[in-house]
Each structure stands twice: as structure tokens, then as C-alpha cells.
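The values are calculated or read from the model by the stated rules, or taken from the named source; none is laboratory data. None of the values given here were measured: they were computed from a predicted structure. We place every Cβ from the backbone using ideal geometry, glycine too, and count neighbours over all the protein chains shown. Just so you know, the surface numbers come from the protein's heavy atoms only, side chains and all, with ligands and any DNA or RNA stripped out. Shrake-Rupley method; radii C 1.70, N 1.55, O 1.52, S 1.80 Å.
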Amino acid sequence: QVQLVESGGGLAQAGGSLRLSCAASGDTFSSYVMGWFRQAPGKEREFVAAVSWSGGRTMYADSVKGRFTISRDNVKNTVYLQMNTLKPEDTAVYYCAAGSSYSRDYRAYRYWGQGTQVTVSS
């Protein structure tokens, strides 16, 4: 079992940057694929980015490709999401998740954090 705690959300202006962190505890962190998802009010949860067990592979939603970077530190048991050139449409609650498959599908992720709010003003 893995416990996940996100941090780093907040308010940013369009064009600005934020860095989200997700600290994991419990089971062996490197045995999980880590993903970031987001959910805006009135919308379904959507995939943002994922990183493989060792960090060697990453994938992104088209909407964030080139602006966001996912990374992980298997010593610190932490996954990061660096968000640059933020847009108002990036406003959402961001969740990190741990799973056993390298996937964009939220159903592949078993463990979820509580979420952190990101608000981007225009």
C-alpha cells in the first residue's frame, strides 16, 4: 500500500510556473508507475502525465506537452510535475497516482493522493 501527499499547488498568472510534488510512503516507491491527473469543475478527470518505474520513460497529454515535465526521485520517494507557461485552462485539482501499468487510463492507478488546487489567472 502507498500513501501519497501532494503539495505545491496555488495561484499563478498565465504564463507563469508552478512545481507540484507528491511524496510517497509505505510500499516500495520504485515498484510503481507514477501519474498526474487533473479534474476541473464540471469536467471529468483527465490524464496529464506519467513516468515509468525508473523514470526512463515519460508520456504527456497533448494539452500539456512541451509545457509540463514529469520526473521522479526514487531516493526521495517523490514525483514532480513542473508546469511552465501556465494557461487558465490548466486550472484544476491535480492528483498524483501510483499504479502497476504504464498507462494513461486512470483505472490503471490504484493509489491516489488527496489533490492540490492549481488556479491560473488570466
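Annotations for the structure displayed:
- Maximal additional length on extending the residue 27-residue 71 stretch stands at 13.9 nm, based on 0.36 nm per residue less the C-alpha distance.
- Taking all protein chains together and rolling a 1.4 Å probe, residue 73 ends up with roughly 40 Å² accessible.
- Label-point gap, in nm, between residue 54 and residue 110 - each point 7 angstrom along Cα→Cβ: 2.3
- Dividing the mean sequence gap of close Cα pairs (under 8 Å, 6+ apart) by how many residues segment 1-55 holds gives a relative contact order of 29 percent.
- Percent of beta bridges antiparallel (DSSP, the chain, rounded to nearest 5): 90
- Global form of the chain, assessed from the alpha-carbon gyration tensor, a/c cut-off 1.5: prolate
- Burial ranking of peptide ranges 106-113, 92-99 (average Cβ count within 10 Å, highest at the top): 92-99, 106-113
- Per residue, the convex hull around the alpha carbon atoms of segment 2-66 comes to 116 Å³.
- Net charge of Cβ neighbours under 15 Å - reference residue 41; Lys, Arg +1; Asp, Glu -1: -1
- Ranking of 72, 57 by solvent-accessible surface, largest first: 57, 72 (1.4 Å probe, protein heavy atoms only, all chains present).
- Counting only Cβ charges, +1 for Lys and Arg and -1 for Asp and Glu, the dipole size of the chain around its Cα centre is about 140 debye.
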